[in-house]
Amino acid sequence: ALPRPGPEGGSAVGTAFPGAAGQWLRLRAGGCRGSALPARNMDVRSRNYLLMNRQALENDIKTSYIMDHMISDEVLTIQEEERVKQQNTQKERAAMLINIILTKDNNSYRSFYNALLHEGYRDLAALLQDGIPAVSSGNRKSSMDGMTSYVKTILCEGGVPQRPVVFVTRPKLVDAIKKKLYCLGSDPGWVTVYGMAGCGKTVLTAEALRDPQLLEDYFPGGVHWISVGKQDKAGLLIKLQNLCSRLEHDSTLSQRPLNIEEAKDRLRLLMLRKYPRSLLVLDDIWDSWVLKAFDNQCQVLITSRDRSVTDAVAGNKYEVHVESGLAHEKGLEILSLFVNMKISELPEQANSLVRECKGSPLVISLIGALLRDFPSRWEYYLRQLQNKQFKRIRKSSSYDYEALDEAMSISVEQLDDNYKDYYKDLSILPKDVKVPTKVLCILWDMETEDVEDILQEFVNKSLLFCDRNGNSFHYYLHDLQLDFLTEKNRNQLQELHKNIVNQYQKYYKLNTPVLSQEDCMYWYNFLAYHMAGAKMQQELHDLLFSLDWIKAKTELVGPAHLIHEYVEYSSILDQKDSTVRENFQEFLSLNGHLLGRQPFPDIIQLGLCQPETSEVYQQAKLHAQRKTGTFYLEWINKKSLKNLYRLVVRPHRDAVYHACFSKDRQRIASCGADKTLQSAWRGVSQLSRKLAISQPVTW
């Protein structure tokens, strides 16, 4: 959803930053917060609980964090916030805030209670819990932004993260999560929301739970959210103990469970007896063994980078894949909200920044938060992104990570040691290219099934993406993942490129790939790229100046890509002399219109038309001399032409039926199955005079 409208139509724009002791400070910019909603009388029971526990509240709470939440809920005004801040001591400020709350309505009590929960004052919130006013049916059905007080209370009690103030809609993904939750029905099961680091899994999941109808119809027992993260057994036990304490409240079962099995049993009894129709949310799961502690025949939603984490548990399973990229317009919208500007007012660098962020909500949010603090640094942060200086793009935000390199690195470090080297090998893959399995089979010298098993591990952990077409698998990296790998392994890239070239040469030896092989197009498009990356000057020279390679490649993709490679790698090819490269580049440029025709012309014949000093001509003549039983024409009067660009061979497109020389032997005429009559002039070689013209010839 867009930022919530203020009471006078404005919008609260900002983000959350960690403050002292792990608390959260919301920085606000823009919007109108001059007045809160009209007050009604607070229930007597609620007032009494405030008064009874007033001393404990005044002694402990820090009002600045509490007031942020209450202003966000629109039950406290800026003027009232200023009155509190004017007090001299922390205790006096707390007393003033409680005095103000006592003059307000039930919504203020609920907001204060929820703020205590969110800011870690769970002991104080417990003192007020029995005083929470009942929610009328009218409150359930109406709200300003689809979030009723009833829903807010349910989510806050369950520990569901608040919506970031800088937040844009992704309705298709939110709806997809809700649909999978509907699929659970009343049966136990698992919904997995998975995707790469920083794609917005947590925010989208929390947003899906803000649907009143979903909570009332499917999870009337509430929602219980746990941020798990990467844990060892001791850490997991603490998480389970805290969850059981939260669910028990004033239960007589006061002793904390002493081990994971005991905690699992306690949690099962609580979910079955006290919360039979509730949803357990496990955020940021890394290991499948962790899920076994929560495998209690209840309804569970998890977020993870690893699609396969639920393989170890039983029950119905549903998945939602969170795609890694925001639309360009959404990226601009996030930036505009951070810097409090209209999209149309953003500087020209904004579009380039969003493109460099590759649609990552994490990176766009980090950049937006930095730009809010340093509004003149648009060009600077754009340059850092373009130069892959991820470590310099750091900022505390509502995401779990303060920098992209940190988020990516944790995912890679999670891999088993024997997989890390395989993942490092992917550092040299070209951008925006889907690589067939066969290429990696050649690289790792493995059978297809073994390679697919390794790659599936990466896919499951959202470190790689797979595109399946029938029985064929193609794999690719997100641009940000590739940028991270390239930067991380920068000092090893040359060796990695050299390895893939050596493996190609070992596999194909002196042969070239043919079209029927699934890896064929990859090598024709990117073998030179790998040789250049490996700085293998001689191998690159031999490849790009080989008529066999030129013939095979241009027949498949035309001459344009080869010409591009001559330009792209000229600094390597020209280390000794630029003449050879210029000869071949000129040859392809002049004959490009012929190399796109079918049937494909004889490239040796075209090479024989080049000047005799050209490397192309010399290679073509060697090929012609080695081939027996093949007819070639060689022009014998090239030197008499002022401009060899006029010397063009346009061969017949089909079989040649007849050919005839002129009496002075300076011209030849031919006709054939393509129903054309052609002539060549200014002399032919001795070889051509021996042609038996009574036989059909394919030229």
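Considering only protein heavy atoms, what is the solvent-accessible area of TRP549 at a probe of 1.4 Å, reported in Å² to the nearest 10?
Rounded to the nearest 10, that gives 10 Å².
Could you sort 571-578, 535-542 so that the peptide with the highest average Cβ count within 10 Å comes first and the rest follow in order?
535-542, 571-578
Can you give me the C-alpha center-to-center distance between region 271-342 and region 67-119, rounded to a whole angstrom?
About 33 Å separates the Cα centre of region 271-342 from the one of region 67-119.
If DNA, RNA and ligands are ignored and the probe is 1.4 Å, what is the ranking of HIS652, HIS561 by accessible area, most exposed first?
If we order HIS652, HIS561 from most to least accessible, we get HIS561, HIS652.
Can you pull a Stokes-Einstein diffusion coefficient for region 256-395 at 20 °C (1.002 mPa s), Rh from Kirkwood over Cα pairs, as a whole number of µm²/s?
So the translational diffusion coefficient is about 117 µm²/s.
Under a straight-distance cross-link criterion of Cα-Cα below 21 Å, which lysines are reachable from LYS342, leaving out those fewer than 8 residues away in the same chain?
LYS330
What accessible area, in Å² to the nearest ten, does a 1.4 Å probe give for CYS671?
Accessible area, nearest 10 Å²: 50 Å².
What lysines could a cross-link reach from LYS91, if we take a straight Cα to Cα line under 30 Å and drop same-chain neighbours fewer than 8 places away?
Once the sequence-local lysines are set aside, what remains near LYS91 is LYS62, LYS104, LYS152.
Over its Cα atoms, what ratio of radius of gyration to 2.2 N^0.38 Å does region 75-126 give?
1.14
Given the whole protein assembly as supplied and a 1.4 Å probe, what does the accessible area of THR676 come to in Å², nearest 10?
THR676 exposes around 50 Å² with every protein chain in place.
Between ILE454 and ASP577, what length in nm is gained on full extension when 0.36 nm per residue of separation is reduced by their alpha carbon distance?
39.9 nm
Between ASN99 and GLU568, what is the label-to-label distance in nm when each label sits 7 Å out along the Cα-to-Cβ direction?
Inter-label distance under the simple model: 7.3 nm.
Subtract the Cα-Cα distance of THR676 and GLN90 from 0.36 nm times their separation in residues, and report this length gain in nm to one decimal.
Answer, rounded to one decimal: 201.0 nm.
Between ILE238 and GLN618, how many nm apart are label points set 7 Å from Cα along the C-beta direction?
The answer from the label model is 7.4 nm.
Relative to the present Cα-Cα distance, how much length would full extension add between GLU82 and LEU272 at 0.36 nm per residue of separation?
Net length gain for the segment: 63.7 nm.
If packing is taken as the average count of other Cβ atoms within 10 Å, what order do 125-133, 371-379 fall into, highest mean first?
125-133, 371-379
Using a simple spin-label model with points 7 Å from Cα along the Cα→Cβ vector, what separation in nm is obtained for SER352 and ASP43?
5.9
The values are calculated or read from the model by the stated rules, or taken from the named source; none is laboratory data. For clarity, every value in this text was computed on a predicted model and none was experimentally measured. Note that we place each Cβ from the backbone using ideal geometry, even for glycine, and neighbour counts take in every protein chain shown. Quick note on the areas: whole protein, heavy atoms, side chains included, nothing else; ligands and nucleic acids left out. Shrake-Rupley method; radii C 1.70, N 1.55, O 1.52, S 1.80 Å.
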